[in-house]
Amino acid sequence: MAELKKLKQGEILFTEGDPSKSMYIVKAGRLIVFQGKGSTEVQLGDVGPDEVVGEMAYFDRKPRSASVKAKMYSEVLELSYKSLETQFDALPNWIQALVKSINEHLRQANARIQELENQKKFS
């Protein structure tokens, strides 16, 4: 069900715009979540042990909204979306709807942040 992946410092886990099929639990190290802006990167956050990254795309199957790379040597457990479907489908419908709604609000907030960054860049 879960596959351990080892990442070297600077190694990319996934890239903004990539199709998504898995989410990851950080077991060791730290990951940087970022978006590319031309030749620069805007760091959106970082993720450490026992935190999850790549979960947003599970709920809406949209492409990755950001890129993720290892800040240092890191280990992550890859959980395929397919293996999680049965567990998610077993949740009450209202919980599924709530999680999907929160996810959509987060995507909208990320898009707005990106829009504001672009305005700032061209001002």
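Summary table
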quantity	calculated
Using θ = phi - 60° and Karplus 6.51 cos²θ - 1.76 cosθ + 1.60, couplings along region 11-18 (whole Hz; Gly, Pro as x)	6, 7, 7, 7, 10, 3, x, 4
Spin-label pair GLU41/SER83, simplified geometry with 7 Å Cα→Cβ offset, distance in nm	2.7 nm
Relative contact order (%) - criterion: Cα under 8 Å, at least six apart; region: the chain	34 percent
MRE, 222 nm, helices only [DSSP H, n ≥ 4, -39500 (n - 2.57), over the chain, to nearest 500]	-11500 deg cm²/dmol
Spread of Cα-to-Cα distances over 5 Å intervals beginning at zero, given as percent, for the chain	2, 11, 18, 22, 20, 14, 8, 4, 1, 0
Listed peptides 74-87, 54-67, 98-111 by packing density, highest first (mean Cβ within 10 Å)	54-67, 74-87, 98-111
Cα centroid separation - region 11-75 against region 97-122, whole Å	16 Å
Projected label distance in nm at ASP18 and ASP60, using a 7 Å step from Cα toward the beta-carbon	2.0 nm
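Each reported figure results from applying straightforward, stated rules to the coordinates on display, with no laboratory input. Predicted model, so just to flag it, every value in this text is computed and none were measured. Reconstructed Cβ throughout: ideal geometry from the backbone, glycine too, with neighbour counts over all protein chains shown.
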